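Since the structure comes first, as structure tokens, the remarks are kept for the end.
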Amino acid sequence: MSRQPKLLLLDDEPEALELYRRFLSRLPSQPEIHTATSGARAIRLLESEPFNLLISDLKMPKMDGLQVLTIVKRRFPHLRTAVMTALADEQFRARAYAIGIDLFLEKPGTSHEITFFLDCIEGLLGREHEAGFRGVQSKTLVDLIQLECLSQSSSTLKIVHGPAEARIWIQNGEIIDAAAGDLTGEAAFRKILSWKFGHFEVLPAEPARPRTIQGSYQGLLLETAHALDEAHALEDPHANQAELPPEPRVAGSPLSEIARMNGVEFVIAASSREKPKCKVWGVENPDQMAEWMRETLHRFRSLGESLEVGQLNRIEGAGTQCQVVLAAFGEDELCVGFQRNLARDVLRKTMKNIFAKWAS
């Protein structure tokens, strides 16, 4: 039995994250869905544990989606990636595909668009260890074509297979032409569906494209499937069973379990007696942050003594970018950063869980 796929959804709007989390929970593969509201948070999550797919918005403050994807594709080359954006801009689309993403989609609004979005994401998550299109496995490419035709859509499908590039033109739900190298029409269509891997992109329709394929799309798909089945039956059954390179295993942080809790952006843990190398997750300048944590907690304890109110061992504060909790218990000190818009009751419940996890 295949393991449950793990999906990371990145958007700076919490309401959008919750909306698309509900959409994605409908997927047949039932992925484990994690969310992040910043590029830095997303990268830290990817560093802490392996994921199957990252879905990123483009327009975000500080680090936009293209910057995040550039870093991700360099550091996690085997991770599948998708863009989901309200920016219907061909320049952004071209730049995203140039980075090496698997799928570029506009944020869905209608029921048809939601169905299309979910079908594409399921294709990216499905059959992780089989050869296939990046984002659309060979069978899922057929599903994509069927979806375009059933919805009476007009579009151009661009498929890239290694150095080869091909196109399938669809007008009002009918396949009217295809081109792959020197081949056109039905021969090109059969050639495209014989490819076992590649990239795809949905481009605007070309109304002026002349029609060379006259039959129905159902008949064309059926004939192509029969032709491919006959060709496969003649092949050596072991010829295409070479293993794909394994997905890289990402070393987990000692604090990764805490870091995955609701709303957590970063964690620092240190001893109050000594100054060994502190344990950190998601912090770019850990030494400075650890020193600030120790100094702040020391002054806070001194304030409690001066006010004669007993030992003070917890500080909660909110800034423009995040909320921070400093806490001391026993010989340990913790600094935990949370999302800025996380509700106070949720934050305190999460801190209670953090204390329980840390104590165990």
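Taking the conditions exactly as written (aliphatic (A, V, I, L, M), outside any helix (DSSP H, G or I) and modelled with pLDDT under 80), does Val336 satisfy them or not? No: the conditions fail for Val336.
Of all residues in the stretch 1-58, which are in contact with a Pro (Cβ under 8 Å, 6 or more places away or on another chain), part of a loop (DSSP other than H, G, I, E, B) and acidic (Asp, Glu)? Within the stretch 1-58, just Asp12 meets the criteria.
Of all the criteria given as (1) farther than 15 Å from Phe117 by Cα; (2) touching a Phe, Trp or Tyr at 6+ places or on another chain (Cβ under 6 Å), the one not satisfied by Val83 is (1).
Which of the residues belonging to the stretch 201-219 are more than 22 Å from Ala98 (Cα to Cα) and among the small types (Gly, Ala, Ser)?
Of the stretch 201-219, the ones more than 22 Å from Ala98 (Cα to Cα) are 206-219.
Ala208, Gly215, Ser216, Gly219 - these are the residues of the stretch 201-219 that are more than 22 Å from Ala98 (Cα to Cα) and among the small types (Gly, Ala, Ser).
Among the residues of the stretch 38-56, those that are under 12 Å from Val68 (Cβ atoms) and of a type outside the set (A, V, I, L, M, F, W, C) comprise Ser38, Gly39, Arg41, Arg44, Ser56.
Consider the stretch 69-105 and keep the residues that are of a type in the set (Asp, Glu) and surrounded by fewer than 17 Cβ atoms within 10 Å (Cβ to Cβ). The one that is nearest to Asp12 (Cα to Cα) is Asp89.
Residue-by-condition table, conditions (1) assigned to a loop (DSSP other than H, G, I, E, B); (2) of a type in the set (Gly, Ala, Ser):
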| site | (1), (2) |
| --- | --- |
| Lys62 | yes, no |
| Val68 | no, no |
| Arg74 | no, no |
| His78 | yes, no |
| Val83 | no, no |
| Ala98 | no, yes |
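The set of residues from the stretch 41-68 being surrounded by 18 or more Cβ atoms within 10 Å (Cβ to Cβ) and touching a residue at least 60 places away in the same chain (Cβ under 8 Å) comprises Arg41, Arg44, Leu45, Leu46, Ser48, Glu49, Asn52, Leu53, Ile55. The requirement of being modelled with pLDDT under 75 and under 23 Å from Ser25 (Cα atoms) is fulfilled nowhere in the stretch 94-107; no residue meets it.
The values are calculated or read from the model by the stated rules, or taken from the named source; none is laboratory data. What you see is a predicted model; the values in this text were computed from it and never measured. When we count neighbours, we look across all protein chains shown, and the Cβ atoms used for this are built from the backbone with ideal geometry, even at glycine.
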